[in-house]
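First up is the structure itself, then whatever we jot down about it.
The values are calculated or read from the model by the stated rules, or taken from the named source; none is laboratory data. Values in this document were obtained by computation on a predicted structure and should not be read as measured data. Positions of Cβ are generated from backbone atoms using ideal geometry, with glycine treated the same way; all protein chains shown enter the neighbour counts. Heavy atoms of the whole protein, side chains included, go into the accessibility calculation; ligands, DNA and RNA do not. Shrake-Rupley method; radii C 1.70, N 1.55, O 1.52, S 1.80 Å.
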Amino acid sequence: QVQLVESGGGLVQAGGSLRLSCAASGRAFSSYTMGWFRQAPGKEREFVAAIARSGNSYYTDSVKGRFTISRDNVKNTVHLQMNSLKPEDTAVYYCAAGLSYGTYDYWGQGTQVTVSS
């Protein structure tokens, strides 16, 4: 079992930056692929970024070049550095963990990111 808690969300002006963090509890954190998803009001949850056990990272096209995902397997944390934020990035951001490629078994409660123009 893995428990995930996100933090670091807030209100930022367009063009600004935020760094989201996800703290994990439970065994075998390093065995999981970690991902970030987001959901804007009235829209479906969408994939943002993921980082595999190997350290390979993946991003949705809309955030490439602006967001960076990283993990620290010693501290059991995953981060999402978000730069050059746009109003379209406004959403609740969720941390997720999964043991199989493309699947996520555990989810955090989310942290709100609001980007004003």
Which trypsin sites (Lys or Arg not before Pro) in segment 56-117 sit in a loop by DSSP (not H, G, I, E or B) and have at most 14 other Cβ atoms within 10 Å of their own Cβ? LYS64, LYS75
Among the aspartates and glutamates, select those whose C-alpha is under 15 Å from the C-alpha of LYS43, and discard any that sit fewer than 8 residues away in the same chain. GLU88, ASP89
Apply the Karplus curve 6.51 cos²θ - 1.76 cosθ + 1.60, θ = phi - 60°, to the phi angles in segment 80-95 and return the couplings in whole Hz, x for Gly and Pro. 10, 7, 10, 10, 6, 5, 10, x, 5, 7, 4, 4, 8, 9, 10, 8
If the reach is capped at under 16 angstrom between alpha carbons, list the lysines near LYS75, excluding any in the same chain fewer than eight residues apart. none
Reachable lysines from LYS86, Cα under 16 Å, same-chain residues fewer than 8 places away excluded? LYS64
Mean accessible surface per residue for the chain, computed with a 1.4 Å probe while every protein chain stays in place, in Å²: 53 Å²
For the chain, the percent of accessible surface on carbon and sulfur atoms (probe 1.4 angstrom, ligands and nucleic acids excluded) is 47 percent
Residues with amide H under 5 Å from that of LYS86, placed H, sequence gap 5 or more: GLY15
Selected from ALA96, ALA14, ALA49 as most flexible by GNM, with the chain as the system and alpha-carbon contacts under 10 Å: ALA14
Find, to one decimal place in angstroms, the Kirkwood hydrodynamic radius of segment 1-66, where the mean of 1/r is taken over every pair of different Cα atoms and then inverted. 13.8 Å
Can you give the Rg to Rh ratio of segment 13-117, both from alpha-carbon atoms, with Rh computed by the Kirkwood formula? 0.95
Highest-fluctuation residue, VAL78, VAL48, VAL12 considered, GNM on the chain with Cα pairs under 10 Å: VAL12
